[in-house]
Amino acid sequence: MQNKILEYIKEAVRLSRENMNSGDGGPFGAVIVKDGEIISSGSNKVTSKNDPTAHAEIEAIREACRILGTFNLSGCEIYSSCEPCPMCLSAIYWARLDKIYFANTKKDAAEINFDDNFIYEEISKPHDKRKIPVMQIDHDDAKKVFDEWVKKEEKIQY
């Protein structure tokens, strides 16, 4: 078991190096494993796709969902070359992955100018204290849609 875990993390690290050398994005790679087999992989494509959400973990999650035909990745684990950023960590929770393994830490990432600490700090601030202004408007109308959702009988829970 321990050898397989190391094999998966080494693949994520290999992908990070390959991606870095290709110029497609930052030095990040990830694989998703189900039942002892790698079912998807991803590497950072932020700059090549002009998509700030195209992190390795997100790319691997999207591919795994496509392959498995589901938005719920229960029964899967993710192996990442680096500790997931706040966005990726959120996506991992939304996807219901069972476990996260990583190699480099967020401190290691910060040392090479990939510092997500400011996002963690921003999230904990009140809306009026954040760097990007956050304004709540038209709550009553939007709340009605949520109320309708609760009453809707035919829906897919997630």
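The heavy atoms of Val13 offer some 50 square angstrom of accessible surface to a 1.4 angstrom probe.
Along the stretch 3-16 the Karplus relation, 6.51 cos²θ - 1.76 cosθ + 1.60 evaluated at θ = phi - 60°, assigns HN-Hα couplings of 5, 5, 4, 5, 4, 5, 5, 5, 5, 4, 5, 4, 4, 5 Hz to successive residues, with x for each Gly and Pro.
When Rg and Dmax of the Cα atoms in Å is calculated for this entry, the matching label among [x] 18.1, 55; [y] 15.0, 42; [z] 15.3, 46 is [x]. Between 0 and 90 degrees, the angle of helix 56-68 with respect to the longest Cα principal axis of the chain falls at about 80 degrees.
For the stretch 110-126, putting each phi into the Karplus relation 6.51 cos²θ - 1.76 cosθ + 1.60 with θ = phi - 60° gives couplings of 4, 5, 10, 6, 10, 9, 9, 4, 4, 5, 4, 5, 4, 4, 7, 7, x Hz, in residue order, rounded to whole numbers and with x for Gly and Pro.
Oblate is the label for the stretch 69-158, because the ratio a/c of its alpha-carbon gyration tensor axes (a ≥ b ≥ c) is 1.5 or higher and a/b is not greater than b/c. Report the charge-dipole magnitude of the chain in Debye, nearest 20, computed about the Cα centre from +1 at each Lys and Arg Cβ and -1 at each Asp and Glu Cβ. Dipole of the chain, to the nearest 20 debye: 80 debye. With all protein chains in place and ligands, DNA and RNA left out, the 1.4 Å accessible area ranks Ile112, Ile119 as Ile112, Ile119, largest first.
Counting heavy atoms of the protein chains only and a 1.4 Å probe, report the per residue accessible area for the chain as a whole number of Å².
Counting only protein heavy atoms, the per-residue value for the chain is 69 Å².
Shown in residue order for the stretch 93-106 are the 3J(HN,Hα) couplings computed by the Karplus curve 6.51 cos²θ - 1.76 cosθ + 1.60 at θ = phi - 60°: 5, 4, 7, 6, 4, 7, 7, 10, 10, 9, 9, 5, 8, 5 Hz (x for Gly and Pro). Summed over qualifying helices (DSSP H, 4 residues or more, each -39500 (n - 2.57)) and divided by its residue number, the chain shows a 222 nm mean residue ellipticity of -14500 deg cm²/dmol.
For Asn104, the residues whose modelled amide H falls within less than 5 Å of its own, excluding neighbours fewer than 5 places apart on the same chain, are Cys82, Glu83.
The values are calculated or read from the model by the stated rules, or taken from the named source; none is laboratory data. Since the structure is predicted, the reported quantities are computational estimates derived from the model, not experimental observations. FYI the Cβ positions are ideal-geometry reconstructions off the backbone, even for glycines, and counts take in every protein chain you see. Note: areas computed on protein heavy atoms with side chains; ligands, DNA, RNA excluded. Shrake-Rupley method; radii C 1.70, N 1.55, O 1.52, S 1.80 Å.
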